[in-house]
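Enquirer: Could you have a look at this structure, given as structure tokens, before my questions?
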Amino acid sequence: MDAGLTGRLIDALYGEAMLLADEARSWFDAHSREVREQLPPLAQIGLSCEALKVTTRLMHVIAWLFDRRAVARGELESGVVRFPPAALAGVADGDADILAQLPFEALTLIEASRDLYERVSRLAGGIEQAAAAESPARGLFQRLEDAF
């Protein structure tokens, strides 16, 4: 991927992640209490767990994208990233029976967070594979250039 495209893509995903995080926070703060009271006890716990999973997914995505934005802007070297691609290992999906009891708005936020998380994970995996596929000889030449 070319550096300009990567920078634009990272910025777009970062903006999407921040917007989704704000929407999720806003909905769960404003509506989860009243919705929770209308749900059976197990679904109440499920809603709380799903809210935490949405937050976890989004915070992982935001942290990874924040590092990649710094790399794309030249503010951080790619070998110095604080949140490596492997940190996007995954967040467990919720129980289908409990999810079926949750309101549409909550399900929409859950699905949006999963979708964004999966897209960023694929991007992170592609970057990691590209870095691993780099020629060992080129790496040696680069180290020699850096040394002299």
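Enquirer: Is it the case that the stretch 67-76 has a residue that's under 15 Å from the mean Cα position of the chain (by Cα), acidic (Asp, Glu) and either modelled with pLDDT under 85 or closer than 25 Å to Asp146 by Cα (or both)?
Expert: Initial filter on the stretch 67-76 (under 15 Å from the mean Cα position of the chain (by Cα)): 67-69.
If we keep only those that are acidic (Asp, Glu) as well, we get 67.
From what's left, either modelled with pLDDT under 85 or closer than 25 Å to Asp146 by Cα (or both): 67.
Yes, the conditions are met somewhere in the stretch 67-76.
Enquirer: For the stretch 98-117, which residues satisfy the criterion of being touching a helix residue (DSSP H, G or I) at 6+ places or on another chain (Cβ under 8 Å) and assigned to a loop (DSSP other than H, G, I, E, B)?
Expert: Just the residues of the stretch 98-117 that are touching a helix residue (DSSP H, G or I) at 6+ places or on another chain (Cβ under 8 Å), to begin with: 98-99, 101-103, 105-107, 109-110, 112-114, 116-117.
Within the stretch 98-117, Gln101, Leu102, Pro103 qualify.
Enquirer: Could you tell me which of the residues Glu118, Glu134, Glu128, Glu111 is surrounded by fewer than 18 Cβ atoms within 10 Å (Cβ to Cβ) and at pLDDT 95 or above?
Expert: Working: Glu118 fails: at pLDDT 95 or above; Glu134 fails: at pLDDT 95 or above; Glu128 fails: at pLDDT 95 or above.
After ruling out the rest, the residue left standing is Glu111.
Conditions (1) surrounded by fewer than 16 Cβ atoms within 10 Å (Cβ to Cβ); (2) touching an Asp or Glu at 6+ places or on another chain (Cβ under 8 Å), marked per residue:
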| residue | (1), (2) |
| --- | --- |
| Phe28 | no, no |
| His31 | yes, yes |
| Gly46 | no, yes |
| Cys49 | yes, no |
| Arg68 | no, no |
| Glu75 | yes, no |
| Ala92 | yes, no |
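Enquirer: Check Gly15, Gly46 and return the single one that is of a type outside the set (A, V, I, L, M, F, W, C) and either touching a residue at least 24 places away in the same chain (Cβ under 8 Å) or within 30 Å of Arg143 (Cβ to Cβ) (or both).
Expert: Just a single option satisfies the conditions, and that option is Gly46.
Enquirer: Could I ask something else about it? Which of the residues that make up the stretch 33-44 are surrounded by 14 or more Cβ atoms within 10 Å (Cβ to Cβ) and assigned to a loop (DSSP other than H, G, I, E, B)?
Expert: In the first step, residues of the stretch 33-44 are kept if they are surrounded by 14 or more Cβ atoms within 10 Å (Cβ to Cβ); the result is 35-36, 39, 43-44.
Result: Leu39, single match.
The values are calculated or read from the model by the stated rules, or taken from the named source; none is laboratory data. Note that the structure is a prediction, hence the values are computed from the model and not measured. Neighbour counts run over all protein chains shown; Cβ positions are idealised from the backbone, glycine included.
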